[in-house]
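The values are calculated or read from the model by the stated rules, or taken from the named source; none is laboratory data. Note that the structure is a prediction, hence the values are computed from the model and not measured. Cβ sites come from the backbone with ideal geometry, for glycine too, and all protein chains shown count toward neighbours. Quick note on the areas: whole protein, heavy atoms, side chains included, nothing else; ligands and nucleic acids left out. Shrake-Rupley method; radii C 1.70, N 1.55, O 1.52, S 1.80 Å.
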Amino acid sequence: MVRYEGDDPYLVVAADKGTATFSDIANAISIEHDYWLGDAFASGGSAGYDHKVMGITARGAWEAVKRHFREMDVDIGKTPFSAVGVGDMSGDVFGNGMLRENTTRLLAAFDHRDIFIDPDPDPAASFAERKRLFALPRSSWQDYDQKLISAGGGVYPRTSKEIRPSAAAQKLFGVPEAVTPQDMMKAILTAQVDLLFFGGIGTYVRSSGESDEAAGDRGNDAIRVTGGELRCKVIGEGANLGMTQRGRIEAALAGIRLNTDAIDNSAGVNTSDVEVNIKIALSRPLRSGALTFEARNALLAEMTGEVARLVLRNNYQQTLALSLAQRRGLEDLGFQQRLMQTLEMRGALDRAVEYLPDEMAIAERRKRNLALTRPELAVLLAYAKLSLYSELLDSAVPDDPYLGRELERYFPKEMSERYDDALHAHRLRREIIATQLTNSMINRGGATLIVRISDQTGAVPAAIAAAFAAVRNSYDLIALNSEIDTLDSKISGKAQLDLYAAVQDLLLDRLVWFLRNADLKQGLEKIIGHYRAGIAQVTTALDGALSKQALAARDARVAELAKAGVPEALAHRIASLAALKAAPDIVLVAEQGKKPVGEVTATYFATEAFFQLDRVIGAVPGIVVSDYFDRLALDRALDSIGDAERRLTAAMVGNGQVSGFAGAGAVEEWVKPRQAEVERIRAAIHEIAGSGLTLSKLSVAASLLGDLARE
C-alpha cells in the first residue's frame, strides 16, 4: 500500500445512502478505542442530524432552484410551475425536493422501477399525495392514488414492453401512440417544462460530443440524452452526477439555468461538517463534567433549525457568487484566465480534467463574446476556495484575535452563548476560521478575488484576507448585504443583482486602498474601529459636501431604486456608495492633517467637482474590456486618480497647516498660485469627461492629475 497523505488526526466516516444505520456502530468502535473524536467519528446516527428528516440536501438544492427562478422574476413559492424529475417519493433528495413548494406541478418522473405521468396535476392535491407517499415506511410510484392522477396519466412499470400514453401525454411529451419505456423516459428528460430535477442515482445527460461510455453509467445508456436536447428552463441537480460536466456546459450554452451537482447538493456534506465540529467543541465540557451526554444530545436537537439556517446560508451565498460572476461576464474573463494559469503553474489544476477552456478556446470565446458558463464558473469557485483555504491555513491569519470572531459566525448562536470557551479551544479552530473566511471572501469577492487584487498590489493572500475583513467590517457590508437579501422576490432579479454588484464593486475597490494605505499590522480591531467611525462621519457630511450636480445624480438614483421597489433607506445607502468609496481617503487626510472630517469631506468633493472627476468615474462602467491587461490598466488608472485626488485634497486643506479654508474656498485658494497649469489640466480632463470615455483617455486623465498632485 502506498500512502500519499501525511499524518492527519482528523478522520471522519460519512454515512452514505443505505449505510446511515452503521454510524452508531462506527462511533461505538471509536469510543471503545478512545479515539479523540468520540461519537463525532461518524456523522448522523442516533445522536446526530438525520439528513432525510431535515431534508437538508434537497433544501440546499432548492436554494439554487429558487435563485434561478428568482432571476427570471418568478416566485415559485407563489406561482405554479411545471416539473419533471428522476426519483421517487421514498428518496431523501427527490422526496424532500418535491415537497419544497405546494405550487409544484409534477408532470412526470421515473425511478428504477416505474414511470409516473400526470399531464395536468392539481398542485394542492398532488402535493398532499406526494406528502403521503413520503411519510410511508417504503413507497413507490405504484402507491400513488390513481384517482388523483389527471386524465391521461398513470404509473407504468419500466419492465413493460411498451407504453400507450394518452393523447394528452402524447401531446405533452411529443411521443407516438405506442412508445417503449426507454423512449418515454427520454421524452420526460427532454420535456418542455420549467424545472428538471435530479434526485435519483444515475447520469442522464451528456454532451453531443461525448459517447455514452464517457458518462460512466452503463445502466442508463439507453435513456441518456444530450444537453442540447433539453428543453427545460432550470435544472436542479440534487443528486450526484445527474449530468456530465460537458453536458452541463452544453445545456448552459443553450440558455438553460443550472450549476453543478457539487454546488446544488452541498448542504448534506456541509451539515455533517457542522455536526462533527459541534461535537468536537462540546467534548470539552463533556470531559470536564460541565455537560452530560444526554444534555449534549438535547442541545444538538435544539440547534437543528439553526444548523440548517447556517448551512443553507452557504448555499444561498455560493449561488449568488455564481450569479454575480455571470453578470460580470466578459469583464472578468481575463482574471478567470489568469486564475486558471496560476493554478496550473502550481500543479493544482488540470483544465482538461475539469473541462475548462484552454488558451485557444478562451481566445475563440472572446472573439465570439462568449463568457464562461455557470457550470464552468462553479468549478473555478471551488478551486479558488481550495487554493485560498490552503494559503490562509499556512499563514498567521487564523491566529488573529479579531478574525477569531469567525468562529461565532460558523457555529449556532447557542454555542457561543453557552460554550464560548469551548469554541475558542476547538482542536480545529484554525481550520474553521480559515474555512469561514475563505467562504466569505470568495462568495462576496468572486473566484478571481485573489488573483485580481494580488496582481494589482503584489499582496499575498494573508494580507488580502486582513484587508477584506477591514473593508467588510468598516463599511458594515454584512448588514448591507443582509438587507439586500430581504428583497428576494420583492424586486426584479436584475435589480437585486445590481444592488449586490454595487456592494461588490465597493469591496474590490477599497480592498486595494486598504492594502496600500492602511497599516494592517496595527491590528484589525483598531483599524476597523477607526475607519468605521470615520466612514460614519463622512456619511453624515455628504449632503452638505456634494455638489448640486452630484446631489441631483444621487437623488435621481435613489428615486430610480425606490421606483424599482427598494426601500428608501436602503436605496439612499446604495446610491451613496459611489461617493463613500472616498471615505477612507477623507479619513486619512483628516487624520494626517489634523482636520475635522466634515471640513475634509467638503474639500474633497469640491476638488472632484472642480475637475469633473465624478463625470469621469461615472463613465467608467461604459468601458468594456475583456483582456486581462486592459482590465488591470483600467483598475490602476482608477487607483491613480483616487490617489491624486487624496493628495490634492491634503494640499488644499493645509496638510497640518492653518489654511482657514474648506470646500470650494480651499480649492480656489490652492489654485491661485498655479492658475495656468491647473487650468490646462482642468480643461483637458473636462474634455475627456465630455467626449466619450475610453481606456486610453482614462489613463491620460490619471496621468495629468498625478502630475498636478506631485507638484
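Things worth noting here:
- Checking each residue in the range 663-711 for being among the basic types (Lys, Arg) and surrounded by 16 or more Cβ atoms within 10 Å (Cβ to Cβ) picks out Arg682, Lys697.
- Number of residues in the range 119-142 that are touching a residue at least 24 places away in the same chain (Cβ under 8 Å), among the charged types (D, E, K, R) and surrounded by fewer than 18 Cβ atoms within 10 Å (Cβ to Cβ) equals 4.
- Count - residues of the range 455-467 that are in a helix (DSSP H, G or I), touching a residue at least 60 places away in the same chain (Cβ under 8 Å) and not acidic (Asp, Glu): 5
- Taking the criterion of being open to solvent by less than 40 Å² (accessible area, probe 1.4 Å), of a type in the set (Gly, Ala, Ser) and within 43 Å of the chain's Cα centre (by Cα), the only residue of the range 160-186 that qualifies is Ala169.
- Check on Phe335, surrounded by fewer than 16 Cβ atoms within 10 Å (Cβ to Cβ) and out of contact with any strand residue (DSSP E or B) (no Cβ under 9 Å at 6 or more places or on another chain): no
- For the range 166-186, the criterion of being under 24 Å from Val65 (Cα atoms), outside any strand (DSSP E or B) and not aliphatic (A, V, I, L, M) is met by at least one residue.
- Where a residue in the range 408-422 is without any contact (Cβ under 8 Å) to a residue 40 or more places away in the chain and under 15 Å from Ile433 (Cβ atoms) and its partner, wherever it lies, is open to solvent by 90 Å² or more (accessible area, probe 1.4 Å) and not aliphatic (A, V, I, L, M), with Cβ under 9 Å and at least six apart: none
- Output for the range 579-594, where each listed residue is outside any helix (DSSP H, G or I) and in contact with a helix residue (DSSP H, G or I) (Cβ under 7 Å, 6 or more places away or on another chain): Lys581, Ala582
- Test for Gly216: is it over 22 Å from Pro80 (Cα atoms), open to solvent by 10 Å² or more (accessible area, probe 1.4 Å) and without any contact (Cβ under 8 Å) to a residue 40 or more places away in the chain: yes
- Residue tally, condition touching a helix residue (DSSP H, G or I) at 6+ places or on another chain (Cβ under 7 Å) and surrounded by fewer than 16 Cβ atoms within 10 Å (Cβ to Cβ), over the range 416-426: 2
- Considering residues of the range 38-65 that are under 26 Å from the mean Cα position of the chain (by Cα) and without any contact (Cβ under 8 Å) to a residue 60 or more places away in the chain only, the residue surrounded by the fewest Cβ atoms within 10 Å (Cβ to Cβ): Lys52
- Selection of helices (runs of 4 or more DSSP H) fully inside the range 43-140 by the criterion of at least 2 residues being within 26 Å of Thr271 (Cβ to Cβ) and among the basic types (Lys, Arg) returns 56-70, 123-135.
- Exactly one residue among Arg313, Arg374, Arg328 is without any contact (Cβ under 8 Å) to a residue 12 or more places away in the chain and within 16 Å of the chain's Cα centre (by Cα), and that residue is Arg313.
- Tallying residues that are open to solvent by 20 Å² or more (accessible area, probe 1.4 Å) and in contact with a helix residue (DSSP H, G or I) (Cβ under 9 Å, 6 or more places away or on another chain) within the range 27-37 yields 4.
- Glu406 passes every criterion in (1) of a type in the set (D, E, K, R); (2) under 24 Å from Gln522 (Cα atoms); (3) open to solvent by 30 Å² or more (accessible area, probe 1.4 Å) apart from (3).
- Filter result (of a type in the set (D, E, K, R) and either touching a residue at least 40 places away in the same chain (Cβ under 8 Å) or in contact with a Cys (Cβ under 6 Å, 6 or more places away or on another chain) (or both)) within the range 79-104: Asp88, Asp92, Arg100
- Among (1) open to solvent by 40 Å² or more (accessible area, probe 1.4 Å); (2) part of a loop (DSSP other than H, G, I, E, B), the one test that Val625 misses: (1)
- Of the criteria (1) touching a residue at least 60 places away in the same chain (Cβ under 8 Å); (2) open to solvent by less than 10 Å² (accessible area, probe 1.4 Å), which one Pro398 fails: (1)
- Exclusive hit being open to solvent by less than 70 Å² (accessible area, probe 1.4 Å), assigned to a helix (DSSP H, G or I) and at pLDDT below 95, set Leu330, Leu324: Leu330
- Subset of the range 611-622 [out of contact with any Phe, Trp or Tyr (no Cβ under 9 Å at 6 or more places or on another chain), open to solvent by 40 Å² or more (accessible area, probe 1.4 Å) and assigned to a helix (DSSP H, G or I)]: Arg615, Ile617, Gly618, Pro621, Gly622
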